[in-house]
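Only one structure is covered here, and it is reproduced in the block below.
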Amino acid sequence: MPTVSMTVNGRAVTGEVEGRTLLVEFLREQLSLTGTHVGCDTSQCGACVVHVNGESVKSCSMLALQADGAGVTTIEGIAQNGELHPMQEAFREHHGLQCGFCTPGMVMSAIDLLNKNPSPDEGEIREWLEGNICRCTGYHNIVKAIQSAAANMRG
Amino acid sequence: MSDTGIGASVRRKEDFRFLTGQGRYTDDINRPGQLYAFFVRSPHAHAQIKGVNKAAAEAAEGVRAVFTGADMEADNVGSLPCGWVVTDRHGEAHKAPPHFPLARDKARYVGDHVAVVVAESYAAAKAAAELVEVDYGELPAAAETGKARDADAPQVHDDAPGNLCYDWVLGDEAEADAAFANAHHVTKIDLVNNRLIPNAMEPRAAIGDYDAGTDSYTLYSTSQNPHLLKLILCAFVLGLNENKLRVIAPDVGGGFGSKIFCYAEETVCTWASRKVKAPVKWTAERSESFTSDAHGRDHITHAELAMDENGKFLGMKVDTTANMGAYLSSFATSVPTYLYATLLAGQYTTPVIFANVKAVFTNTAPVDAYRGAGRPEATFVVERLVEVAAREMGIDPAEIRRRNFIQPDQFPYQTPVALQYDTGNYGASMDMALEMIDYAGFAGRRSNSEANGKLRGIGFSAYIEACGIAPSAVVGSLGAGVGLWESAQVRFNATGSVSVFTGSHSHGQGHETTFSQLVADTLGIPIENVEIVHGDTGSIPMAMGTYGSRSLAVGGSAIARACDKIIEKSRKIAAHLMEASVEDVEFDNGTFRVAGTDKEKSIAEVAFTAYVPHNYPEGVEPGLDETAFYDPLNFTYPAGVHICEVEIDPTTGVTEIVDWVAVDDFGKVINPMVVEGQVHGGIAQGVGQALLENCVYDGSGQLLTGSYMDYCMPRADDLPSFRVGLTETACTHNPLGVKGCGEAGAIAAPAATINAITNALGILSMDMPASTEKVWRLANTQQMAAE
Amino acid sequence: MYNFNHHRPGSVDEAAAALSGADDGKLLAGGMTLIATLKQRLASPSDLVDLGAIADLKGIREDGGAIVIGAMTTHATVAGDASVKAKIPALAALADGIGDAQVRNCGTIGGSIANNDPAADYPAALVGLGATVHTNKREIAADDFFTGMFETALADDEIITAVAFPVPEKAGYQKFANPASRYAIVGVMASSGPAGVRVAVTGAGPCVFRLADAEAALGGGFSADAVTNVGVAADGLNSDLHASAEYRAHLVGVMLRRAVAAAG
């Protein structure tokens, strides 16, 4: 079986995979990083969003071997020394999550937005979230959380 | 009010694990040696299963077993039952044809379970499933709700002639006819309540795990009510002693009703784990969720409202056909009857109401409770009728509602459709909503829109719901097979912390926070010292679970009762320690005091004494661990007014929701932040139904909306921010004064949205969802008529 | 997903060799359509030749009067590229509206046009701007490239290397998206420049097509007023749950006028 190597949340990892192994399967099943979820099979719900080389991608639509040599960050990798990432903190503060299933992908997607656009307005946030479906919150508090995180991260 | 007590927007205790990827959902769990199940599902809506050849699949690499309905029949596995028997207008019980976990003679909908492959990997199971050869004899399908009772409709079940499950009535038809005979005006509408697919973001999953050493099973399942699942599986399906099955529902990623029911897949995993002597895991692909989760709504209704010359409602008649799908899901029959027709009074004094509901079988997935469950359908009927009546009578839509509201001094109010509302103040919510939306300014806003080539509309929905389900004796008399009480166990640990075991499963509602606030406030201890445990039949007393916005009103009341018991026992111990009589000991904010002295003992000290009873009152048992079962005295009746404002681009048919005001009366509120979140989410689902979502089967019973490519889920850019207000009349019959908030938005929103769109277009009615093409066509027709 | 051999060549020549050496090889670009197709078990290639490690296929450069975009350049890169934004802002906007943010971070122009989904955006860009497709074997004019639903002029062993867009004087793109999938129900690119006046429509038919009436009308003056009465017949247009052919035909006119207006 082919071998794949990548850096996941700062840690170098290597594993044997099949050609067809998806990145999300590698993360969940081989690395036990079950924070990344699978909510659909048509690449639309966004529960599986992680960062590959700093860009948000849907890990259900990328082969593990496509990420060979890449730096991957998952929801488990963004809190530092027990301190929540400002985006995680904003979701908590503004009740931007309910059942928590879409949350990891939502947070990882939102961080990528602020990396690209540190001061998005409400419309830009809502458009950016096109690839993340939440069934619980009606998005209202997610949008508020991202606005708040943006303000805090700008400092 | 403390900053962590009742009434405070305490940030949620459960969020840390969800935000850091440490939630534990069923698919995150793996059992040693586990195998994987993949189901062979019918590609046909209706077909005889003439034979199943398992040989090639059994021989495939990694496959341990292939099972069919015959294998389960040989083990005497029973039918998945429907737990609510509706008695029809002739006194006959509803038709409940068997619903076997793996089909035996026929497949009755696309996605029906025909066989299961159990293999060493998910990939192997899925690959081998393609090798199972099923010899289908295709049959014509009854796919449409409105045609299921046609004389030439294919029969879904031999023992349900005419595809009729029941023909049920509520109210007095003759009285209703008399009221209509005297009417100044009768408003009539025909409407479809579109079929929906719940789409909790976590797909269903299950792991059945048989332990040969103890001859017992553990089932991990994405369930809203693990105890109920255990009860059904043991008593009706698998024939097990209840002490031989433990059901664990760990973190569950949303339910909205769809995870109440006992499903084929979890049944098969449990049964199969014993057959293959290994844990058996199944996780739905989303496409399986689309075909085999219980769907929601799917009504066709004709309704009439009789009025006098002032727009005062005199009577209402409602005729509904409700689709049950191919089999009766766990509570399907109650949804279009006792959770629907009983709500047709709405917030109004309509004196006479007659409802006739015919439930039909079709070759589609089973239909059961989905967020609101019957009450959204009822509100849609009532609030569309009232809106059309206002337009036909030339009365302002807010005013016609006001004229007919039950007044605050009329409570308790007995409706003509069985329910007795305990309290409410509907005018107060209307006033606040009108002020928040600036109703007086609407005409100006509409002119501005018109100047920009847009059509602006405003729509009301004054909804009511019956929540806090429900008094056991009442529901029992109506056919429910269970009691609808809830349990709670409050365990004060020796060193001052408290563990609360609740039957109210949390899958997004924030119980771990809200219940902690309640307990911390009641017992006067720090919120950090409270831990809420739910979702495990191995540790929690028998319980009924989460649905019908009942968790706080029923589950929370049970917790409050258990806390009361803790306090009363502690009072005896404290009295002994302080050498006072029990009657003289007062309890306030965690401290027992002897009135008129400076003697005091904290409840933590008392708890320690209870477990180290060296100096202890005679006749009092050691320990401080109390259980309460709470059976509600009535339903609760949350109610409110939602107002939606839309702007339509007639060139494209695009509807934009430009403002949304929700004013709700949920009684007492424990955590306003959590309550607002529930309202937001409910509105989003209701708007989804009104604008975007539609489950469509074609005439042959093929599901056309089987993925997110075609089933339109509301996305962030489809929705506005919402403005939420609260009014409060405390529930009169539960200890907390609470009513429940989980379904309100989904109940209120469809009518508000459609009322706004039809208002903008200058028409009376349109079907949901208000797709861009429908709106464009209607806007054009109106424009042409005007020209 | 059926299993397959995965190859990750470092050059176009290596990729071509891997492809020709396979029983039933397929090229993997961004994977946004192919991986979903594989997951649904609708395809079972023996080998996937992953173009993701070929540096030569990535990047955007200006070449004379054209913007040349490497086949493996992502939609996000095109959307954010300074020269694209300066020279063909309509193309940057189109790329910025493809799929969602995560699709744009992975999906590529080469993958999109090779797939030729009837509801994809890029075919409208190529035809509407008069682009040229460069492959490892030849150059193909956009008008000749898209041959039918999910069909292109590419040979089985041919690899797209880049797409060259002549810089137009004016160009605008407007899309009416499917509310569920967010693909185009109708997308219209209208431009005027070295490739002449061009109007290309995606989403409405089985394959991207040009609108001759609109081009003629705009030839006399590139303004929304010029196409007020230009329409398209519903015959032959797509019809599905979300939009009938008649509605699509109407939207072609609306999007056309909006695209021309957006072109300034």
Inset, instruction - Determine the alpha carbon to alpha carbon distance for each of A:116/C:175; B:95/B:230; C:137/C:175; B:147/C:39 and list only those over 31 Å. - result: C:137/C:175; B:147/C:39
Legend entry - Heavy-atom accessible area, 1.4 Å probe, ligands and nucleic acids excluded: residues of segment B:707-727 down by at least 50 Å² from chain alone: B:708, B:709, B:715, B:716, B:717, B:721
Inset, instruction - Give the ranking of B:616, B:711 by solvent-accessible surface, highest area first, calculated with a 1.4 Å probe. - result: B:616, B:711
Legend entry - Exposure ranking of B:649, B:75, C:235 by accessible area [1.4 Å probe, largest first]: C:235, B:75, B:649
Legend entry - Accessible surface buried upon C-B contact (total; probe 1.4 Å; Å², nearest 100): 1700
Legend entry - Most mobile listed residue (A:28, A:92, A:20) in chain A, GNM with C-alpha springs under 10 Å: A:20
Inset, instruction - Take the alpha carbon gyration tensor of segment C:120-177, find the square roots of its eigenvalues, order them as a ≥ b ≥ c, and report rounded if a/c is under 1.5; if not, report prolate when a/b exceeds b/c, else oblate. - result: oblate
Legend entry - Listing of segment B:1-50 residues, each with accessible area lower by at least 40 Å² in the full protein assembly than in the chain alone (probe 1.4 Å): B:11, B:12, B:15, B:16, B:18, B:19, B:20, B:21, B:25, B:28
Legend entry - Percent of Cα-Cα distances greater than 20 Å, calculated over segment B:485-630: 45
Legend entry - Selected from A:87, A:62, A:106 as most flexible by GNM, with chain A as the system and alpha-carbon contacts under 10 Å: A:62
Legend entry - 1.4 Å probe accessible area per residue over the protein assembly as shown, in Å²: 33
Legend entry - Cα long-axis angle, helix A:103-116 against chain A (0 to 90 degrees, to the nearest 10): 80
Inset, instruction - Please give every one of the lysines within straight-line cross-link reach of residue B:599, meaning a C-alpha to C-alpha distance under 27 Å, and leave out same-chain neighbours fewer than 8 residues apart. - result: B:565, B:569, B:572
Inset, instruction - For residue B:601, list the aspartates and glutamates whose Cα falls under 12 Å from its own Cα; do not include residues on the same chain fewer than 8 positions away. - result: B:579, B:586, B:588
Inset, instruction - Keeping the other protein chains in place, figure out the carbon and sulfur percent of the accessible area of the protein assembly as shown, with a 1.4 Å probe. - result: 48
Inset, instruction - Report residue B:485's accessible area, 1.4 Å probe, all protein chains in place, as a number in Å² to the nearest 10. - result: 50
Inset, instruction - Largest first and to the nearest Å, give the Cα extent of segment C:134-264 along each principal axis. - result: 43, 37, 23
Inset, instruction - Quote the total accessible area buried by chains B and A together, excluding ligands, DNA and RNA, probe 1.4 Å, nearest 100 Å². - result: 4000
Inset, instruction - Scale the Cα Rg of segment B:536-579 by the rule-of-thumb value 2.2 N^0.38 Å and send over the ratio, two decimals. - result: 1.62
Inset, instruction - Name the aspartates and glutamates eligible as straight-distance cross-link partners of residue B:275: C-alpha to C-alpha under 13 Å, and not fewer than 8 places from it in the same chain. - result: B:71, B:75, B:209, B:211, B:215
Inset, instruction - Would you mind telling me the antiparallel percentage of the DSSP bridges in segment B:286-367, rounded to 5? - result: 45
Inset, instruction - Place the peptides B:202-213, C:56-67 in order of packing, highest mean first, counting for every residue the other Cβ atoms within 10 Å and averaging per peptide. - result: B:202-213, C:56-67
Legend entry - Furthest towards positive pole of dipole, B:351, B:637, B:247, structure part chain B, Cβ charges: B:247
Legend entry - Cα convex hull of segment C:5-49, projected area averaged across orientations, nm²: 3.0
Inset, instruction - Mind pulling the per residue volume of the convex hull built on the Cα atoms of segment B:75-141? Å³ is fine. - result: 152
Inset, instruction - Could I get the Rg over Rh figure for chain A? Both from C-alpha atoms, Rh via Kirkwood, rounded to two places. - result: 0.97
Legend entry - Ranked order, B:516, C:83 - accessible area, probe 1.4 Å, largest first: C:83, B:516
Legend entry - Folded to 0 to 90 degrees: helix C:12-21 orientation relative to chain C principal axis, Cα: 70
Legend entry - Size of charge dipole - the protein assembly as shown - debye, nearest 20, with Cβ of Lys, Arg +1 and Asp, Glu -1, no other charges: 440
Inset, instruction - Give the Debye-formula value of log10 I(q)/I(0) at each listed q (0.09, 0.14 Å⁻¹), with one equal scatterer per alpha carbon of chain C, two decimals each. - result: -0.38, -0.92
Legend entry - 20 Å binning of all Cα-Cα separations within the protein assembly as shown, expressed as whole percents from 0 upward: 11, 39, 37, 12, 1, 0
Legend entry - Heavy atoms of residue B:29: accessible area, 1.4 Å probe, square angstrom to 10: 30
Inset, instruction - Sort the following peptides by mean Cβ neighbour count (other Cβ atoms within 10 Å, averaged over residues), highest first: B:412-425, B:11-24, B:368-381, B:288-301. - result: B:368-381, B:288-301, B:11-24, B:412-425
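Just checking the output field for C:26-39: average partner chain Cβ neighbours within 10 Å of each residue's Cβ?
Partner Cβ neighbours, averaged per residue: 4.
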Legend entry - Cα-based shape type of segment B:1-151, given that a ≥ b ≥ c are square roots of the gyration tensor eigenvalues and the cut on a/c is 1.5: oblate
Inset, instruction - Determine the dipole magnitude for segment C:60-263: charges of +1 sit on the beta-carbon of Lys and Arg, -1 on that of Asp and Glu, nothing else is charged, the reference point is the Cα centre, and the result goes in debye to the nearest 20. - result: 540
Legend entry - Inter-label distance for residue B:178 and residue A:122, nm, one decimal - labels placed 7 Å from Cα along Cα-to-Cβ: 5.3
Inset, instruction - When a/c is below 1.5 the answer is rounded, else prolate if a/b is larger than b/c, else oblate, so apply that to chain B with a ≥ b ≥ c taken from the square roots of the Cα gyration tensor eigenvalues. - result: oblate
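Total Å² of accessible surface buried at the C-A contact, 1.4 Å probe, nearest 100? Numbers along the way, then the final one.
Working: alone 11480 and 7940 Å², together 17390 Å².
Approximately 2000 Å² gets buried when C meets A.
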Legend entry - Reduction of at least 10 Å² in accessible surface, 1.4 Å probe, comparing all protein chains with the chain by itself, residues of segment C:151-193: C:176, C:179, C:180, C:181, C:182, C:183
Inset, instruction - Ignoring everything but the protein chains, give the 1.4 Å probe accessible area of residue B:518 in square angstrom, nearest 10. - result: 0
Inset, instruction - Please work out the Kirkwood hydrodynamic radius for segment A:86-154, using every pair of different C-alpha atoms, and report it in angstroms with one decimal place. - result: 11.5
Legend entry - Over chain B: helical MRE at 222 nm, DSSP H runs n ≥ 4 each giving -39500 (n - 2.57), nearest 500: -8000 deg cm²/dmol
Inset, instruction - Arrange the peptides B:162-173, B:84-95 so that the one whose residues have, on average, the most other Cβ atoms within 10 Å appears first. - result: B:162-173, B:84-95
Inset, instruction - With a bin width of 5 angstrom, please list the P(r) values of segment C:36-160 as percents of all Cα-Cα pairs, from the 0 bin to the one holding the largest distance. - result: 2, 10, 20, 26, 22, 14, 5, 2, 0
Inset, instruction - With both partners inside the protein assembly as shown, how many of the DSSP beta bridges are antiparallel, as a percent to the nearest 5? - result: 80
Legend entry - Dipole of segment A:86-154, positive end: most advanced residue of A:113, A:136, A:151 [Cβ charges, Cα centre]: A:136
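The values are calculated or read from the model by the stated rules, or taken from the named source; none is laboratory data. Note that this is a predicted model, so its numbers are computed, not measured. Methodologically, a virtual Cβ is constructed for each residue, glycine included, from the backbone with ideal geometry; neighbour enumeration extends over all protein chains shown. Just the protein is used for accessible areas: all its heavy atoms, side chains included, with ligands, DNA and RNA removed. Shrake-Rupley method; radii C 1.70, N 1.55, O 1.52, S 1.80 Å.
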